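Inspection log for the structure reproduced underneath, given as structure tokens.
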Amino acid sequence: MRSLLIATGIAVLDISASVLGRIDTVHPVLLWDEQQVILVDTGFPRQLNKLREAVDGCGVSFDTINRIILTHQDIDHIGNLPDIIQQASTKIEVMAHIIEKPYIQGEQRILRFTDEAIESINHMPDHVPEAFKIGLKALMLNPPSAPVDHTIAGGEQLPGFEFLTIIDTPGHTPGHISLYHEPSRTLIAGDALVVRDGQLHGPDPVSTLDKLTAMQSLNQFSSFNIDTVVCYHGGLFRGNVNERISELLTLNEADLL
């Protein structure tokens with residue numbers, strides 16, 4: 001677990017977990033000033049201690065977090081949400097897009113946890129431990145959940161944190177959002193973009209529910225002057241960000257012809 005300061009008041013966290021014998025690392029973001037400490041996404045379930053260590057490594061007490069923003073409903077983003085809230089000594093305000101709210105609250109099943117996806121667990125290779133299959137099925141049927149206190153949408157600036165702008169970027173999930181931190185010119189992309197082999201790429205086609213909409217959402221970034229991107233999968237990308245996003249859109253248009 002480590003944290004990397006991007007600029008004053010913003011850091012990217014590295015939180016790793018073992019998934020089917022391989023290490024998967026995700027990148028929540030921490031933002032703070034004198035009044036607020038905001039965590040964007042919460043990592044895989046049962047990673048609370050690692051998350052706490054990474055936040056404390058920024059020189060910010062984990063116990064001072066008073067807002068959590070969720071970019072969307074997926075389990076690697078909401079995983080530690082209920083544990084954080086249950087252990088908090090003061091109220092934490094949870095924020096997400098209204099479309100994502102019922103999934104985060106457990107009122108509707110997470111979209112990618114279809115009957116087919118749950119049934120596919122029974123057909124995993126024989127070398128996958130039975131205990132893992134049972135645990136995964138239980139997690140898909142009863143994922144972490146918690147109330148969303150405040151809904152947010154594209155074009156809004158966060159109350160009391162006006163230099164953080166919400167951007168609607170549907171496609172990966174219907175209510176997926178990204179965020180732009182103006183002082184550091186940092187785009188918090190969530191799963192709207194990924195970094196692979198040191199290069200910035202569009203949304204992962206395997207895990208994206210609506211690929212066409214997800215690619216169209218990249219147009220939303222054109223009005224922001226971006227120096228740094230934090231992708232939840234892949235981490236930091238710097239240098240010619242706007243040009244690279246334009247290139248991705250051009251390549252996508254060529255593929256559609």
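The values are calculated or read from the model by the stated rules, or taken from the named source; none is laboratory data. Here the structure is a predicted model, which is why all the values come from computation and not from measurement. When we count neighbours, we look across all protein chains shown, and the Cβ atoms used for this are built from the backbone with ideal geometry, even at glycine. Protein only, heavy atoms only, side chains kept; ligands, DNA and RNA dropped before computing areas. Shrake-Rupley method; radii C 1.70, N 1.55, O 1.52, S 1.80 Å.
Using packing as a proxy for protection, rank 238-248, 183-193 so that the peptide with the highest average count of other Cβ atoms within 10 Å comes first.
Working: 238-248: 15.2, 183-193: 24.9.
Sorting 238-248, 183-193 by mean packing, highest first, produces 183-193, 238-248.
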key: Spatially proximal aspartates and glutamates relative to LYS101 (Cα-Cα < 15 Å; intrachain offsets below 8 disregarded)   = ASP41, ASP74, GLU93, ASP149, ASP168
query = Applying 1/(1 + (r/R0)^6) with R0 = 22 Å to the Cβ-Cβ distance of GLN216 and GLN157, what FRET efficiency is obtained, to the nearest 0.05?
reply = 0.40
Segment ALA88-GLN35, extension gain: residue separation times 0.36 nm, minus the distance between their alpha carbons = 17.4 nm
query = If we restrict to alpha carbons, what Rg and Dmax does the chain come to, in Å?
reply = 17.7, 55
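Rounded to a whole number, what % of the accessible area of the range 4-152 do carbon and sulfur atoms account for, probe 1.4 Å?
Working: 3680 of 6990 Å².
That fraction is 53 percent.
Quick one: accessible area per residue over the chain, 1.4 Å probe, rounded to a whole number of Å²?
On the way: 11990 Å² over 257 residues.
Accessible area per residue: 47 Å².
For the chain, with only Lys/Arg (+1) and Asp/Glu (-1) charged at the beta-carbon, what is the dipole magnitude about the Cα centre, in debye rounded to 20?
Working: 17 positive and 33 negative charges, 80 e Å.
Result for the chain is approximately 380 debye, rounded to the nearest 20.
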remark   = Between the modelled labels at GLU116 and ASN49 (7 Å from Cα along Cα→Cβ) the distance in nm is 3.9
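Express as a percent, rounded to the nearest 5, the fraction of DSSP beta bridges in the chain (both residues included) that run antiparallel.
On the way: 34 of 46 bridges.
Roughly 75 percent of the DSSP beta bridges within the chain come out antiparallel.
Determine the gain in length on full extension of the stretch VAL206-GLU182; use 0.36 nm per residue of separation and subtract their C-alpha separation, reporting nm with one decimal.
Numbers: separation 24, 0.36 × 24 = 8.64 nm, distance 3.10 nm.
Using 0.36 nm per residue and subtracting the Cα-Cα distance, I get 5.5 nm.
What is the magnitude of the charge dipole of the range 176-251 about its Cα centre, with +1 placed on the Cβ of each Lys and Arg, -1 on the Cβ of each Asp and Glu, and no other charges, expressed in debye to the nearest 20?
Numbers: 5 positive and 8 negative charges, 11 e Å.
I would put it at about 60 debye.
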